[in-house]
1. If N is the number of residues in region 1-47, what value comes out of its Cα radius of gyration divided by 2.2 N^0.38 Å?
2. Would you mind telling me which residue in A97, A24, A40 has the biggest mean-square fluctuation in a Gaussian network model of the chain, where springs connect alpha carbons within a distance under 10 angstrom?
3. Find which of Q39, G8, Y79 sits farthest along the positive direction of the dipole of the chain, computed with +1 on the beta-carbon of Lys and Arg, -1 on that of Asp and Glu, about the Cα centre.
4. Using bins 10 angstrom wide from zero, how does P(r) for region 19-76 break down, in % of all Cα pairs?
5. Tabulate in residue order the Karplus-calculated ³J(HN,Hα) for region 75-88, using 6.51 cos²θ - 1.76 cosθ + 1.60 with θ = phi - 60°, rounded to whole Hz; enter x for Gly and Pro.
6. Scan around N76 for amide H atoms under 5 Å from its own, H built in the peptide plane at 1.01 Å from N, and keep only partners 5 or more places away or cross-chain.
7. When every alpha-carbon pair in the chain is counted, what percent end up more than 18 Å apart?
8. Treating only the Cβ of Lys, Arg, Asp and Glu as charged (+1, +1, -1, -1), what charge dipole size does the chain show about its Cα centre? Round to the nearest 20 debye.
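Bear in mind that the values in this text are calculations on the coordinates, not laboratory data. Model, not experiment: these values are computed from the prediction. Here Cβ is always computed from backbone atoms with ideal geometry, including for glycine, and neighbour counts include all displayed protein chains.
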Amino acid sequence: QVQLLESGGGLVQAGGSLRLSCAASRSIFSIYAMGWYRQAPGKQRELVAVFTSGSKTNYADFVKGRFTISRDNAKNTVYLQMNSLKPEDTAVYYCNAVYNAGEYWGQGTQVTVSS
């Protein structure tokens, strides 16, 4: 079993920034994929940004140029730097990790962007 501990959510005004962190209880050095998804009320969960094999990154079109995913293998942590936040970015953000043993989700962290 792998635990994912998220932090960094909160309330911010439009145009502001937040940085989310996701610390894994197991090494992420050779992980298959790790990243962030979000779910707004009444909507399906959607991909935000993710590292895939070989440390390639994949971003949703709606965050390109605003959000940056990064990782610190020594700390088993993935970050999501969110800039130029918009009210439509309001959602619960979930960390996701895919190991050869299975797929794991964090408990989610709320991000609220006020207009």
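1. Rounded to two decimals, the normalised Rg is 1.42.
2. Comparing A97, A24, A40 in a Gaussian network model of the chain, the most mobile one is A40.
3. Y79
4. 21, 51, 25, 3
5. For region 75-88, the Karplus-derived couplings read 9, 6, 10, 10, 10, 10, 8, 10, 10, 6, 5, 10, x, 6 Hz, x marking Gly and Pro.
6. Long-range HN contacts for N76: I28.
7. Summing the P(r) of the chain above 18 Å gives 45 percent of all pairs.
8. Once rounded to the nearest 20, the dipole reads 140 debye.
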